[in-house]
Amino acid sequence: MEGRVELMAPAGSEEALRAAVANGADAVYLGGRRFNARQYAENFTLEGIREAVAYAHERGVKVYVTVNTLLKEEELEPALHYLYALGESRVDGVIVQDLGLAWAARRLLPDLPLIGSTQMTVTDAAGAKLLEKTGFKRVVLARELSLEDIGRIRQECALELEVFVHGALCYSYSGQCLLSSMVGGRSGNRGCCAQPCRLPYTLVDGKGREVEAAPEHLLSTRDLCTLEMLPLLIRSGVNAFKIEGRMRRPEYVAVVTRAYRRAIDRFLENPGRFAVDPEEARDIAQIFNRYFTTGYLLGDPGSQLMSYGRPSNRGIFLGRILAREKGGLYRVKLEVPLKKGDGVEVWVRRGGHPGAVISEIKIDGRPVDEAPAGSVVCLALPPAARPGDRLFKTSDVELLSRVRRSYTSPREGRKIAVNMEVWAAPGEPLRLRVTDPDGRAGEAVAPVPSEVARKHPLTVETLRDQLDRLGNTPYELKELKAHIRGEVMVPLSVINGVRREAVSALAAARLASWPRRVPSREDFEKALGEAAIAEAGRGLGPAGAPAPVLPRLAVAVGDLEGARAAADAGADRIYLSGELWQRGEAPPPAEVARLGEELARRGIELLPALPRLWHEVEAGRIRRRIEKLMEVGCRQFLVANLGGLWLLKELGVGGWGDYPLNVFNSSCVEALRLIGLAGVTLSPELNLDEIRGVRPFLPLEVIVHGSLPLAVSAHCVLGARLGGKEPGKGCSAPCRREVFGLKDRLGLIFPIRTDMNCRFYLYNPKTLDLLEHLGLLQGAGLSFVRLEVHNQRAPYIRRVTSLYRQALFCLDRGEREALPDLAGELEELLGGHVTRGHYFRGVS
């Protein structure tokens, strides 16, 4: 499939918008001041969005708006009003993460195109199908997918597919990262990520001993660059290419957009002779890079994915310092050209990377303004520089100046060819029609009749000269037809006025041709009110029954032994892990069935869990596993991703939604009820008040104990650092021999686990525990409280389950004062490494 592909560029500001449009973007994506996963970008007011849409649409460019954060209960209605305003502004689609917002939008704004954010973690065709059936137009696939995954998804569904092709990569699967949230209180799911993955960490063994000598940026990825992969991506059936970078400067947007525009066009014009232009490749490296990677498109790149030494811009290698000359200048042999005004950094042996702006260049003692590659020059550099240090050019003054002109010049470079037709005759007003390539037209008529010419009659040349004055518009004159009858005189001021009026009318016609995808405001407000009444009338539970005042106890375990320990200690429900860990194996379906029957006789539920996520190339194995468990009687599963929801629906079995589904609000609960779930576990990012505010349209559960994974990644630090994992090479599997962790700057050690697909799970160094405050969850509409102990052994599981069982007994008898003693016993077991998570603070 080698059809037209949409190039989508980031617009974090008005200037970046102009840079994207001027340099060839087919579409831009931008965010407002709220509900936007880049809260620290400049972003747009609502009026600014309207102006951006008008600017882009007049130039034939689409505008997508990000509404891609998880929404708290009180934010849902304002977010729906915001979506309505965006639809009124004629945006071409909204990018969403929150399933509750998407479901409400489909009911109230059915014609507004929805795009599933990469934060929805769609990694397989089943997840894409679910969004397609839910009414989405497009999905942004997870960045961890290979070309094979993408191709298979394309074959399985008709939904438009969008992929990132350039820019920063998250270490974790997007939407599955709690690292910034739990460590610093700034949630990536709410647009406030503090990027702790860019900080230094030290690899340690199970006893806390350093495995490597010094901290490095072990979670800091390189930047994605897929210029050379564009033919393969286009042939895979991708519909849209997305450039990351709403936090980047306009010059970055201009350079990268132009490079990808030209590369795409070259391939489409001549697929057999496609090649990356070296100058374009050099420009995008110069504007910003952390080294480049093609990501996971060709499989696991191992260490080639990472930028261990530096988490920020590297620039381009300029040369090594040869010597320090008299007078304090440094002699350098240049690998690339250098000009006065360029920015450089010196990678000194100690003291970081001091920078400077080049103010003086000398060749053979003679001052020059610039020097070519290969020159030996003398430069003024920071005093920490020493011979042998490497020098990098981090900014190029000529490149910045050149790309700024592309979007700041009043004469736009990206023009729309228009035809003009003129009618002129004595006694009649001059009439002008301007028509664009799609047949849209603007007309204008002079305010006064034309006169008979006495000296200088109107000519076609005069008309062309005046009508072609379109410099500060996006139009250029292609063809002029002039119908001049007789000797007619028209003042130049009249011709110019008619031209301006006709061009303005054409612009209005072009803008009006973009659809307004919302109903009338009266109909919208009426539907919104009716939806609120319907929800209020549905009662507190799925069948109108109130949720229990005292929740039951659920325990998530990793193996059959742990399940029996939890059951013996008083669990009401047990989740059996679906992850296949290194040094572990999945229990045979027959044994799972026997355990289920054994527990059922004791009144205990057993729900096998599906893996947290899987790629399309793994989907067949996952489906077979579910079918085998169904054959032995399993009829309900714990499910953590959209693909799993669709699989269970297809197979006709029940599910309970796990916390990686990021359930933040009542609308999401209702959406999952309609999809067919029997209950859901709420997001661990909600605080107590927010939990109480979620209406239990389904039975609800919260996690009250356990060490949760803070990041889930397709990149294994252990394989890359210790196992020799590189493209084309296997891994020696150090994870099967030892236990490891990552130590941060504060000395906290984050435990590591890996699964059989070499996915990497980084756990919280502190254990969430709410036993002392368990009474605060009474009457909160919860059906279950859950212990997340899948990474613990049976004795620990038995002890913790027993303490929580006792706590629930005490609450049932009204003996809340007994909880501190039970909690103290548990904290002693935990060694004091305890957190209350977000129960008392929440996320902003």
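The values are calculated or read from the model by the stated rules, or taken from the named source; none is laboratory data. Everything quoted here is computed from the prediction, not taken from an experiment. Neighbour counts are summed over all protein chains in view; Cβ atoms, including those assigned to glycine, are modelled from backbone coordinates with ideal geometry. Ligands, DNA and RNA are excluded from the accessible area calculation, which covers all protein heavy atoms including side chains. Shrake-Rupley method; radii C 1.70, N 1.55, O 1.52, S 1.80 Å.
Couple of notes before you dig in:
- Centre separation in Å (Cα based) which lies between the range 382-453 and the range 42-63: 18 Å
- At the listed q of 0.17, 0.19 Å⁻¹, the Debye profile of the range 483-638, built from one uniform point per Cα, gives log10 I(q)/I(0) equal to -1.03, -1.15.
- Added length on full extension, which subtracts the Cα-Cα distance from 0.36 nm per residue, Arg402 to Lys455: 14.4 nm
- Cα centroid separation, the range 712-785 to the range 255-293 (Å): 37 Å
- Sum of side-chain charges, Ser450 neighbourhood, beta-carbon under 14 Å (Lys, Arg +1; Asp, Glu -1): 0
- Burial ranking of peptide ranges 247-253, 124-130, 489-495, 272-278 (average Cβ count within 10 Å, highest at the top): 124-130, 247-253, 489-495, 272-278
- The alpha carbon centroids of the range 612-664 and the range 511-535 are separated by 35 Å.
- Bridge orientation summary for the chain: considering DSSP beta bridges with both residues in this region, about 50 percent are antiparallel.
- Each label was represented as a point 7 Å from its Cα along the Cα-to-Cβ direction; for Ala213 and Ser359 these points are 3.7 nm apart.
- Computed over neighbours whose Cβ is under 9 Å from that of Val712, the net charge equals +2, Lys and Arg +1, Asp and Glu -1.
- As a size descriptor, the averaged projected area of the C-alpha convex hull of the range 301-392 was calculated at 6.4 nm².
- Taking the Cα atoms of the range 656-716, the ratio Rg/Rh between the radius of gyration and the Kirkwood radius comes to 1.01.
- The chain: C-alpha gyration tensor shape, a/c 1.5 cut-off, then a/b vs b/c: oblate
- With 0.36 nm allotted per residue and the present C-alpha distance subtracted, the Glu561-Glu74 stretch has 171.0 nm of extension available.
- Using R0 = 25 Å, the C-beta based FRET efficiency linking Arg601 and Met630 works out to 0.75.
- When you restrict to C-alpha pairs under 8 Å that are six or more residues apart and normalise by the size of the chain, the relative contact order lands at 14 percent.
- Spatially proximal aspartates and glutamates relative to Lys729 (Cα-Cα < 13 Å; intrachain offsets below 8 disregarded): Asp300
- Percentage relative contact order, the range 37-157, counting C-alpha pairs under 8 Å, at least six apart: 20 percent
- The fraction of all Cα pairs in the range 604-648 landing in successive 5 Å bins from 0 to the largest distance is 5, 23, 35, 24, 10, 3, 1, given as whole percents.
- Restraint check, Lys137/Lys649; Lys339/Lys393; Lys133/Lys649, Cα-Cα greater than 18 Å: Lys137/Lys649
- For the range 636-779, the calculated P(r), taken from all Cα-Cα distances in 10 Å bins from zero up to the bin holding the longest distance, is 10, 30, 29, 23, 8, 0 percent.
- Cβ-based net charge around Phe35, under 15 Å, with every Lys or Arg adding one and every Asp or Glu removing one: +1
- For the range 1-72, GluC sites (Glu not before Pro) are listed when DSSP marks them as loop and at most 16 other Cβ atoms sit within 10 Å of their Cβ; the list is Glu2.
- Extension gain from Asp205 to Lys526, taking 0.36 nm per residue of separation minus the Cα-Cα distance: 109.5 nm
- Among the trypsin sites (Lys or Arg not before Pro) in the range 725-801, those placed in a DSSP loop whose Cβ has at most 16 other Cβ atoms within 10 Å are Lys729, Arg737, Arg745, Arg793.
- Across the range 161-236, C-alpha contacts under 8 Å between residues 6 or more apart give a mean separation that, scaled by the residue count, equals a relative contact order of 33 percent.
- When the alpha carbon coordinates of the range 174-239 are projected onto the principal axes, the ranges are 49, 31, 17 Å, largest first.
- Residue ranges 623-634, 305-316 sort as 305-316, 623-634 when ordered by packing (mean number of other C-beta atoms within 10 Å per residue, highest first).
- Calculated Rg and Dmax of the range 15-79 using C-alpha coordinates, Å: 12.8, 41
- Relative packing of peptides 469-482, 82-95 - highest average C-beta neighbours within 10 Å first: 82-95, 469-482
- Largest to smallest principal axis extent of the C-alpha atoms in the range 130-240, angstrom: 51, 32, 24
- The residues of the chain present an accessible area of 40 Å² per residue when probed at 1.4 Å with all protein chains retained.
- Spin-label model distance (nm) - Leu492 vs Val445, 7 Å beyond Cα toward Cβ: 2.7 nm
- Degrees separating the helix 76-88 axis from the principal Cα axis of the chain, which is the longest one: 20 degrees
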